[in-house]
Amino acid sequence: MFRVQFKRLPGNEDVPLPARMSEWAAGFDLHAAVTEPVTLKPGERGLIPTGFAMAMPPELEAQIRPRSGLAYKHGVTCLNTPGTIDADYRGEVKVLLANLGQEPFTIARGERIAQMVFQVVPRIEIAEVGELPDTERGAGGFGHTGR
């Protein structure tokens, strides 16, 4: 089990901290900490504050992902998905939302806007080599296995 610390930022005592909406949910829902409603017109994007900062162990990253209901019902999604929050970041968590829908979408204070999923990040050693080992696939790229 990993311990993640959350710090509610001043003026956001009324905004819920991230929470799972069901016992086995992978993601923690994030709430908007806007001071007044923000309307995104079709095609617009906006950086929405959440009202908290956090500290997590170096073995973790947090990924910001869209909420499926907002994406399906309104065409509202996250850009840079999944957005990565590194373990050494201590600033306010913000969500980059985009309205890909046909109608303006208004974000109210406290509204659930995205979800955050924690992932373990393996430690990687980079090794420069002169040649790579062969595989059956080789350098086959986009569409190499068919349609």
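Table for the structure above
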| quantity | calculated |
| --- | --- |
| Centroid-to-centroid separation of segment 98-143 and segment 1-80 [C-alpha atoms, Å] | 17 Å |
| Exposed-loop-free span, longest in the chain, where GluC sites (Glu not before Pro) count as exposed if DSSP calls them loop and at most 10 other C-beta atoms lie within 10 Å | 24-124 |
| Amide H partners (placed H, <5 Å) of G110, local residues excluded | A32, A33, V34 |
| Residues A127 and A55, FRET efficiency given R0 of 30 Å [Cβ-Cβ distance, rounded to 0.05] | 0.45 |
| Gaussian network model of the chain, springs between alpha carbon atoms under 10 Å - residue of I113, I85, I124 with greatest fluctuation | I124 |
| Simple label model, 7 Å out from Cα along Cβ direction - D14 to Q119, nm | 3.6 nm |
| Amide H contacts of F28 (H built 1.01 Å from N, under 5 Å, at least 5 apart or other chain) | M116, V117 |
| Förster-model FRET efficiency, 30 Å R0, M21 and L79, C-beta, rounded to 0.05 | 0.85 |
| Dipole magnitude of the chain about its Cα centre (Cβ charges: Lys, Arg +1; Asp, Glu -1), debye to nearest 20 | 560 debye |
| Radius, Kirkwood style, for the chain when every pair of distinct Cα atoms is counted (Å) | 17.5 Å |
| Estimated vicinal HN-Hα couplings, Hz - segment 117-125 in sequence order (Karplus 6.51, -1.76, 1.60; Gly, Pro = x) | 10, 8, 9, 7, 10, x, 7, 10, 10 |
| Choice from K73, K41, K94 showing the highest fluctuation, given a GNM over the chain with Cα pairs closer than 10 Å | K73 |
| Karplus (6.51, -1.76, 1.60) ³J(HN,Hα), θ = phi - 60°, over segment 98-112, in Hz, Gly and Pro reported as x | 10, 9, 9, x, 9, 10, x, 10, 9, 9, 9, 4, x, 5, 6 |
| Unit charges at the beta carbon, dipole of segment 5-120: most positive-side option, G43, P82, A26 | G43 |
| Sites matching chymotrypsin sites (Phe, Trp or Tyr not before Pro) across segment 1-72 that sit in DSSP coil, with at most 16 neighbouring C-beta atoms within 10 Å | F2, W24 |
| Reachable lysines, given that their alpha-carbon falls under 17 Å from the alpha-carbon of K7 and they are not under 8 places away in the same chain | K94 |
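No lab work stands behind these numbers, since they all come straight from the coordinates. This structure is a prediction, so every number in the text was calculated from the model and none was measured. As a convention, Cβ positions derive from the backbone with ideal geometry for all residues, glycine included, and neighbour counts pool all protein chains shown.
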